[in-house]
Amino acid sequence: MLKILKNFSLRIFRALFKRRESLKIGFYGPPNSGKTSLANRICKDWTGEEIGSVSNVPHETRNVQVKEKVNIEYKGKELMFKIIDTPGIATKIDYEEFLKFGLKKSVAKKRAKEATQGIIEAIQWLDDVDAVIIVLDATQNPYSQVNITIIGNLVARKKPVLIAANKIDLRKAEIKKIESAFPEYEVVGISAKEGINMEEFYESLFKLSKKI
């Protein structure tokens, strides 16, 4: 009987440890905020491989992209993450928006349809992730309908959140505006493209994991 209880306790411990060491982190935010750039930076740093392609055309990422077993170390601690990069969230997608970037009408319409489907998929994934990194463009107004929609969905689901204020390498970046807009969440300023402030980001990521 003692042996059975011991084995049962060991299985429970291992199950809890495994769940704690394999955390599903979703990357959410508006189009072109730098979600995939940040996911690529993390995956490149710790696996040597990127998760997806980026471009200046909105909605380059139109499907949820997943990178398994991203093992991150920080100050002697180690955690295994599952990175989930999602399409940019938008309240409206008009194919004419893509025509401005030189896309043909047929390609633009296809892109708009795929982007709409991608947003639905991204929202569905919210129920499956353990925590969320919201990536915002620090040069843009944080009080947008899109950002409020994203935050509202996360509040309803009670998900742990970290906000990455991206593009701080640009002159118009204003982190304090994002901090004022969302005072209930930690905000860390980064440049995913240039790799600026990634040490602070990883520190915040590990702090976020303690809330799960």
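Throughout, read-outs are computed from the coordinates displayed, never taken from laboratory work. Since we're looking at a predicted model, the values are computed, not measured. Because the Cβ atoms are built from the backbone with ideal geometry, glycine has one as well, and the counts that use them run over all protein chains shown.
Measure nothing fancy, just the Cα-based angle from helix 105-125's long axis to the longest principal axis of the chain, in degrees from 0 to 90, nearest 10. Helix 105-125 sits at roughly 30 degrees to that axis. Model label sites at S22 and I196, defined 7 Å from Cα along the beta-carbon direction, differ in position by 3.8 nm. As a length-normalised measure over Cα pairs under 8 Å and 6 or more apart, the relative contact order of the chain settles at 21 percent.
Placing pseudo-labels 7 Å out from each Cα toward the beta carbon at K172 and V155 gives an inter-label distance of 2.8 nm. Near the amide H of T61, within less than 5 Å, lie the amide hydrogens of G88, all on another chain or at least 5 residues away, with H placed in the peptide plane.
In the chain, the longest principal axis of the Cα atoms and the axis of helix 2-21 are about 20 degrees apart. Take every Cα pair under 8 Å whose residues are at least 6 apart in sequence, average their separation, divide by the length of segment 47-171, and the relative contact order is 21 percent. Applying a DSSP loop filter and a limit of 13 other Cβ atoms within 10 Å to the trypsin sites (Lys or Arg not before Pro) in segment 101-152 leaves K104.
Two numbers describe the Cα atoms of segment 30-69: Rg and Dmax, which are 10.1, 29 Å.
The alpha carbon centroids of segment 105-159 and segment 54-79 are separated by 16 Å.
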